[in-house]
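One structure below.
The values are calculated or read from the model by the stated rules, or taken from the named source; none is laboratory data. All of these numbers come straight from a predicted model, not from anything done at the bench. Reconstructed Cβ throughout: ideal geometry from the backbone, glycine too, with neighbour counts over all protein chains shown.
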Amino acid sequence: MQAKSTRDAFGEALLELGRKNRKIVVLSGDLEDSTRAEYFKNEFPDRFFNLGIAEQDILGTAVGLGLDGLIPFACSFAVFLSNRAYGILRILICYNKRNVKVIGLRMTECNYFRS
């Protein structure tokens, strides 16, 4: 059996979770192809939100959706979520113990970053 990449395994797991729980929504930073959140997007387009290259907005929107009873999964490259959106992650999500799943994948796993 061939090992799966982290992003393929994540995309498949996210899709399976989405099939089991209609409260799950996914937010992407225009990277759904790289994170494989596109699997979820293709099956549940009404529960998928591409917010563009704006990780702070992704996390802020995820908090709002969580307050409305949904279970948001915010997906982007780890470096963008940890650097661009650290304050939002720390203050709005962690301090307030919000039910937001933050998924950061590494950029080097994506084909266009390989030489």
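Being surrounded by fewer than 20 Cβ atoms within 10 Å (Cβ to Cβ) and touching a strand residue (DSSP E or B) at 6+ places or on another chain (Cβ under 8 Å) is the filter here, so list the residues in the stretch 26-43 that pass it. Once the filter is applied, which keeps residues that are surrounded by fewer than 20 Cβ atoms within 10 Å (Cβ to Cβ) and touching a strand residue (DSSP E or B) at 6+ places or on another chain (Cβ under 8 Å), the stretch 26-43 yields only ASP30. Note on the stretch 66-100: residues that are modelled with pLDDT of 95 or more and surrounded by fewer than 14 Cβ atoms within 10 Å (Cβ to Cβ) total 3.
Looking for something surrounded by 15 or more Cβ atoms within 10 Å (Cβ to Cβ), of a type in the set (D, E, K, R) and under 20 Å from ILE91 (Cβ atoms) - is there at least one such residue anywhere in the stretch 55-65?
From the stretch 55-65, those surrounded by 15 or more Cβ atoms within 10 Å (Cβ to Cβ) are 55-63, 65; that's our starting set.
This time we only want the ones that are of a type in the set (D, E, K, R), so: 55, 57.
Still in the running and under 20 Å from ILE91 (Cβ atoms): 55, 57.
The answer is yes; a qualifying residue exists.
Among the residues of the stretch 44-57, the one identified as modelled with pLDDT under 95 and within 11 Å of the chain's Cα centre (by Cα) is GLU55.
Keeping to the stretch 24-43, report how many residues are within 15 Å of LEU92 (Cβ to Cβ) and at pLDDT below 95. Steps first, please.
Applying the first criterion (within 15 Å of LEU92 (Cβ to Cβ)) to the stretch 24-43 yields 27.
Restricting the remaining residues to those that are at pLDDT below 95 gives none.
Qualifying residue count for the region: 0.
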